[in-house]
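K.L.:
Below is one structure. I have some questions about it.
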Amino acid sequence: MAEFSGKTGLIVGVANKRSIAWAIAQATAARGARLVLTYQGRFEDHVRELSEGLAERPLVLPCDVTSDAEIDAAFARADQELGGVDFVVHGAAFALRDELTSPFTQTTREGFRVALDVSAYSLIALARAAAPLMEKRGGGSILTLTYLGSERVFPNYNVMGVAKAALEATVRYLAADLGPRNIRVNAISAGPIKTLAAAGIGGFSTILNVYRDRAPLRRNVEAAEIGDAAAFLLSDAGKAITGEVLMVDAGYHIAGM
Ligand code: NAD
């Protein structure tokens, strides 16, 4: 039986066919999940077009994670139309362009606020909205996406590294808070993948080359591989795992040099 049959998931972070959140949508839909795909304003057309490629047509809804009203409305619709939510994928991150090109000491107060709000606080807001719907279904699983730049310094990753450190701490505090309600919260720390968000990081192709040369598996990861790992963590196969950051990076993080 498909791992996700009878399960419903709400996915934040699909912008186009390269989005990691889209790979997770495909991986969970292929295993039987019914989905709500949300979009940030300008990506509506892309997301609607992609949604037509899934075997079971998902509900497509707006959800800008800086708006509590849009978050509440998306979960209310998911509740009405699908009778609750079993899993949530948080694949949203953003930093102002200047913050990813200027020296780190030039990080602005506003740039810091925006990066932390969109990329880290939003996980708390989504978890708060999802928890009652998950509880109705006996529990649930929440997954976010992070990067090794939370612990190590990568050129130009700057304030996004700080946001990812906050995001990973948020995973642990949420896991502790929601665990008694049988709601799990985890992160996948993905190796670098050429996506729209990655294109904003200066010198990203150098990062890809370094991973290819030094990762134990001597290659980069593919979005579909993040999708498979996500399906594991979101499904009952991962039901004893919470508060974890799973490295899916061809082993790069273990390399000393
Ligand atoms: P992407 O550009 O396809 O996805 C980023 C998403 O964030 C977009 O869908 C965008 O609409 C969404 N977003 C930004 N601001 C938002 C807002 N206010 N409200 C709602 N959504 C908003 O790029 P991606 O690489 O697939 O990024 C997905 C996640 O994976 C991000 O958290 C990113 O940091 C993380 N990640 C990416 C890589 C990589 O190399 N690509 C590696 C590790 C982690």
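Only the coordinates and a few stated rules stand behind these numbers; no lab work does. What you see is a predicted model; the values in this text were computed from it and never measured. Neighbour counts run over all protein chains shown; Cβ positions are idealised from the backbone, glycine included.
K.L.:
Suppose the filter is under 22 Å from ALA73 (Cβ atoms), among the hydroxyl-bearing types (Ser, Thr, Tyr) and in contact with a Cys (Cβ under 7 Å, 6 or more places away or on another chain); does THR38 pass it?
P.N.:
yes
K.L.:
Identify, from the list ALA120, ALA129, the residue that is within 13 Å of the ligand (Cβ to nearest atom), aliphatic (A, V, I, L, M) and within 27 Å of PRO180 (Cβ to Cβ).
P.N.:
Working: ALA129 fails: within 13 Å of the ligand (Cβ to nearest atom).
Matching residue, one of ALA120, ALA129: ALA120.
K.L.:
Within the stretch 86-137, can you find the residues that are over 19 Å from the mean Cα position of the chain (by Cα), among the polar types (S, T, N, Q) and either surrounded by fewer than 18 Cβ atoms within 10 Å (Cβ to Cβ) or part of a helix (DSSP H, G or I) (or both)?
P.N.:
THR101, SER102, THR105, GLN106, THR108
K.L.:
Any residue at all in the stretch 194-211 that is within 14 Å of the chain's Cα centre (by Cα), more than 12 Å from the ligand (Cβ to nearest atom) and hydrophobic (A, V, I, L, M, F, W, C)?
P.N.:
For the stretch 194-211, residues within 14 Å of the chain's Cα centre (by Cα), more than 12 Å from the ligand (Cβ to nearest atom) and hydrophobic (A, V, I, L, M, F, W, C): absent.
K.L.:
Right, here's the next one. Search the stretch 165-187 for residues being among the polar types (S, T, N, Q) and free of Cβ contacts under 8 Å to residues at least 60 places away in the same chain, and hand back the single one that is surrounded by the most Cβ atoms within 10 Å (Cβ to Cβ).
P.N.:
Initial filter on the stretch 165-187 (among the polar types (S, T, N, Q)): 170, 182, 186.
Applying the additional criterion that residues be free of Cβ contacts under 8 Å to residues at least 60 places away in the same chain yields 170, 182.
Details: THR170: 21, ASN182: 15.
Checking each candidate, the answer is THR170.
K.L.:
Also, quick follow-up: Quick check on my filter: what residues within the stretch 24-52 are touching a helix residue (DSSP H, G or I) at 6+ places or on another chain (Cβ under 8 Å) and near the ligand (Cβ under 8 Å from one of its atoms)?
P.N.:
THR38, TYR39
K.L.:
Output yes when any residue across the stretch 70-80 is in a loop (DSSP other than H, G, I, E, B) and either touching a Ser or Thr at 6+ places or on another chain (Cβ under 9 Å) or within 16 Å of the ligand (Cβ to nearest atom) (or both), and no when none is. Give the derivation first.
P.N.:
Initially, the stretch 70-80 is screened for residues in a loop (DSSP other than H, G, I, E, B), giving none.
No: the stretch 70-80 contains no residue that is in a loop (DSSP other than H, G, I, E, B) and either touching a Ser or Thr at 6+ places or on another chain (Cβ under 9 Å) or within 16 Å of the ligand (Cβ to nearest atom) (or both).
K.L.:
Being of a type outside the set (Gly, Ala, Ser), within 13 Å of the ligand (Cβ to nearest atom) and not in a loop (DSSP other than H, G, I, E, B) narrows it down to one residue among LEU233, LEU246; which is it?
P.N.:
Numbers: LEU233 fails: within 13 Å of the ligand (Cβ to nearest atom).
Answer to the selection: LEU246.
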